[in-house]
Amino acid sequence: MDLKEQFEDAQNRVKTLPAQPPNVLLELYGLFKQANNGDATGSRPGMFDMRGRAKYDAWHSNQGMSSDEAMQAYIQKVSDLGA
């Protein structure tokens, strides 16, 4: 399996996790966005949009990471979760 196929497989496996802690989901979200879209764009949402702000921060925390690195980190994180 190439990296893209492993990444897609990990995306499917994460949906089967019995318990999904929010902080882990945010980390996975940030890695997913970095792998697919590159560095975070736009401005950080305002303080009243807590969900949007948390998602933006999770994505922005991976600033400068290549798409392949983000995919590998995502795959590793899903494997660490036992999925």
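Every number here is computed from the coordinates shown, using simple stated rules; none is lab data. Note that the structure is predicted; figures quoted are calculated from it, not measured. Cβ atoms come from the backbone with ideal geometry, glycine included; neighbour counts cover every protein chain shown.
Counting the residues of segment 54-73 that are surrounded by fewer than 19 Cβ atoms within 10 Å (Cβ to Cβ), more than 10 Å from the chain's Cα centre (by Cα) and assigned to a helix (DSSP H, G or I) gives 7.
Residues in segment 1-38 that are over 12 Å from the mean Cα position of the chain (by Cα) and over 18 Å from residue 82 (Cβ atoms): 1, 2, 3, 4, 5, 8. For segment 1-41, the set of residues classified as in a loop (DSSP other than H, G, I, E, B) and surrounded by fewer than 17 Cβ atoms within 10 Å (Cβ to Cβ) consists of 1, 2, 15, 16, 17, 18, 19, 20, 21, 38, 39, 41, listed by residue number. Whenever a residue of segment 11-29 is free of Cβ contacts under 8 Å to residues at least 60 places away in the same chain, its partners that are among the acidic types (Asp, Glu), lying with C-beta atoms within less than 9 angstrom and at least six residues away or across chains, give the pairs 26/57.
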